[in-house]
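Colleague: First the structure, then my questions, so here it is.
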Amino acid sequence: MALYKERGEPIRRLIRQTAAQTDRPFGINLIPEVSGHAAEREQLLAALSELPRSGFVTTSGLQDRDFADLVRRAQRCQVVQIGTPDDATAALEIGAGALVLQGSEAGGHHLGRIASRDLLSEVRTRHAQAVLAVAGGIATGIDLAAAIVAGADGAIAGTAFIPAHESRAHPDLKARVLSADADDTVITSASTSAGPTVGIGCFGTPRPRQAIANRLISSRRPWWKVVGYPCPGTAQRCPLLVLKADRSDG
Ligand SMILES: Cc1cc2nc3c(=O)[nH]c(=O)nc-3n(C[C@H](O)[C@H](O)[C@H](O)COP(=O)(O)O)c2cc1C
């Protein structure tokens, strides 16, 4: 459950609603770099107050020690997504129970620059007993099987779920993802550089992301100056973002 910039009661309500619908374990997801330290702590405390015992806490990027201590004291598993071997080691040292190794094939913002296979090889060599999942370009059972043969314990997928019936992505984006092939994406910083300066907020460090190439990206103008990022506060503007990103030349 991506909590992104949600706070307090909405977080507690979302978790209660989810827990009422399933007995299976589910996790909440936070992005330390997006929330900032104080807000992230508040998000975490709200989540932990409702998260079932079987629930787990995931982060996109390295968690800090205070965060890790809170999760450990609450006896929930921490699943940390990282993009470099050093961050893998740091995450395990401060309490991660499992790692997601994000390779440069991944959709969305990137945590590193290494292909998932190389990252897996390095981290597996360093941490033979760690629970490791890979992320990046996983779309089929064959991809999952290949990851396991290469030494992973599992894999996660993101982009593959964008067109899913349950996904709230704009229909135009779903169609674009379905029609795209491997040559259609680029790794770009076009959408990350100006976040905080326009009050929408994103990653503290400009992080490259993988996106389907379009005229806006090619123009190298930051998306932030055109529309908001799809988060709860800008949810109604997501179709606009998609339209701008897919059709506008800025
Ligand atoms: C549209 C989109 C949004 C994402 N949002 C998040 C997020 O909120 N939190 C997170 O931990 N990872 C997020 N990710 C990254 C995924 O966790 C994962 O690294 C990535 O999707 C794996 O690569 P794939 O898209 O090729 O399957 C996002 C990815 C995409 C494509």
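The values are calculated or read from the model by the stated rules, or taken from the named source; none is laboratory data. Quick caveat: nothing in here was measured; it's all calculated off a predicted structure. Note that we place each Cβ from the backbone using ideal geometry, even for glycine, and neighbour counts take in every protein chain shown.
Colleague: Can you name the residue in the stretch 93-108 that is outside any loop (DSSP other than H, G, I, E, B) and not polar (S, T, N, Q) and is also surrounded by the fewest Cβ atoms within 10 Å (Cβ to Cβ) among such residues?
Modeller: Only one residue fits best here, namely E93.
Colleague: Assess whether R113 counts as being at pLDDT 95 or above and among the charged types (D, E, K, R).
Modeller: Numbers: at pLDDT 95 or above: no; among the charged types (D, E, K, R): yes.
No: the conditions fail for R113.
Colleague: Checking the structure you have, find out if any residue of the stretch 124-131 is over 22 Å from N29 (Cβ atoms) and surrounded by 15 or more Cβ atoms within 10 Å (Cβ to Cβ).
Modeller: yes
Colleague: So the check is Cβ under 8 Å with 6+ separation or different chains; which pairs have a first residue in the stretch 45-74 that's within 17 Å of T18 (Cβ to Cβ) and a second one that's of a type in the set (D, E, K, R) and not in a loop (DSSP other than H, G, I, E, B)?
Modeller: That search, which allows pairs on different chains as well, returns A46/E9; A46/R12; A47/R12; S49/R12; E50/R12; E50/R16.
Colleague: Looking only at the stretch 8-20, decide whether some residue is within 16 Å of G97 (Cα to Cα), within 16 Å of the ligand (Cβ to nearest atom) and assigned by TED's automatic domain parsing to the domain that holds L99.
Modeller: Looking for residues that are within 16 Å of G97 (Cα to Cα), within 16 Å of the ligand (Cβ to nearest atom) and assigned by TED's automatic domain parsing to the domain that holds L99, one finds none in the stretch 8-20, hence no.
Table: residues versus (1) among the aliphatic types (A, V, I, L, M); (2) assigned to a loop (DSSP other than H, G, I, E, B); (3) within 14 Å of the ligand (Cβ to nearest atom); (4) under 15 Å from the mean Cα position of the chain (by Cα).
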residue	(1), (2), (3), (4)
V80	yes, no, yes, yes
D86	no, no, no, no
T89	no, no, no, no
L119	yes, no, yes, no
E122	no, no, no, no
T125	no, no, no, no
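Colleague: Quick one: which residue in A147, A130 is farther than 22 Å from V34 by Cα, in contact with a Lys or Arg (Cβ under 9 Å, 6 or more places away or on another chain) and away from the ligand (no atom under 14 Å from the Cβ)?
Modeller: A130
Colleague: Within the stretch 26-54, restricting attention to residues that are loosely packed, with under 13 Cβ neighbours inside 10 Å and either touching a Cys at 6+ places or on another chain (Cβ under 6 Å) or of a type outside the set (G, A, S) (or both), which residue is nearest to R73 (Cα to Cα)?
Modeller: R53
Colleague: What are the residues in the stretch 136-159 that are in a helix (DSSP H, G or I) and within 16 Å of R209 (Cα to Cα), if any?
Modeller: Across the stretch 136-159, the qualifying residue is only T159.
Colleague: So which helices (runs of 4 or more DSSP H) stay within the stretch 2-73 end to end and still have 2 or more residues that are of a type in the set (K, R)?
Modeller: Answer list for the stretch 2-73: 8-21, 65-73.
Colleague: Still on this structure, I have one more. State whether one or more residues within the stretch 122-133 are among the small types (G, A, S) and at pLDDT below 95.
Modeller: Going residue by residue through the stretch 122-133, those that are among the small types (G, A, S) are 128, 130, 133.
With at pLDDT below 95 added as a condition, the list becomes none.
No, the conditions are met nowhere in the stretch 122-133.
Colleague: Sort out which residues of the stretch 89-112 are farther than 13 Å from G137 by Cα and among the acidic types (D, E), and write them in order of number.
Modeller: The one that is farther than 13 Å from G137 by Cα and among the acidic types (D, E): E93.
Colleague: Looking for something assigned to a helix (DSSP H, G or I), touching a strand residue (DSSP E or B) at 6+ places or on another chain (Cβ under 9 Å) and over 17 Å from E40 (Cα atoms) - is there at least one such residue anywhere in the stretch 109-116?
Modeller: Yes, that holds for at least one residue.
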